[in-house]
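Accompanying notes for the structure given below.
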Amino acid sequence: MATINADGLLLKYGNEGAEVARGGELNTLGPNRITEIVIKGTELPLTATTASSGAVVNMALTHGIQIPSGARIERLDFLVETGFTSGGAATLNIGFVRDDRSTELDFDGLLAALPVASIATAGTFLEYVKGTALAGVLVGAALANNGVVTADYDTAAFTAGKGVLRIYWNFPNTN
């Protein structure tokens, strides 16, 4: 299990230290930076929650896929590579936990309750900007803290599905 040392560095041990990253930052597009993340439906946990101890439980994508404080989320693109399925009415949430990996920033701040029916067909391309239905409250906003990307499901588990999420972000001009 990974730990954070006194200097705030994330330390991984054993097999976890050898895991291949699922995402990262791509070359910039004009003023925007792009962070791309692979989302696999069968690997998502039930709704991310904060335990009474303050520790985050049932969280995915906890290591290394981070967007810095002050960054403004401009838009999200979601491309379905393999259609998502569920034995029920699964919904997908994507958001952030703070870089201490124990404090919620907003678990559905990017996408809130995206239904399985919207991502059931391979090749589906969805774009979200501020004001788009299902876009979280952090789309169009600047992050107040560093955010590590999280993903989870509500209602029912996904039984299949793979998609690529691209987060377009930049640092607003404050001059």
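Ranking L105, L79 from most to least accessible surface, computed with a 1.4 Å probe over the protein chains only, gives L79, L105.
With the Cα gyration tensor of the range 132-175 giving a ≥ b ≥ c as the square roots of its eigenvalues, does the rule (a/c under 1.5 for rounded; else a/b larger than b/c for prolate; else oblate) give rounded, prolate or oblate? Verdict is prolate for the range 132-175. Each residue of the range 35-44 is assigned a 3J(HN,Hα), and the resulting list reads 10, 10, 9, 8, 10, 10, x, 6, 9, 7 Hz, derived from the Karplus form 6.51 cos²θ - 1.76 cosθ + 1.60 (θ = phi - 60°), x at Gly and Pro.
Once all protein chains are placed together, D108 keeps about 60 Å² accessible to a 1.4 angstrom probe.
The values are calculated or read from the model by the stated rules, or taken from the named source; none is laboratory data. Every value quoted in this text rests on a predicted model; they were computed, and no experiment measured them. Areas reflect the complete protein model, heavy atoms only, side chains present, ligands, DNA and RNA absent. Shrake-Rupley method; radii C 1.70, N 1.55, O 1.52, S 1.80 Å.
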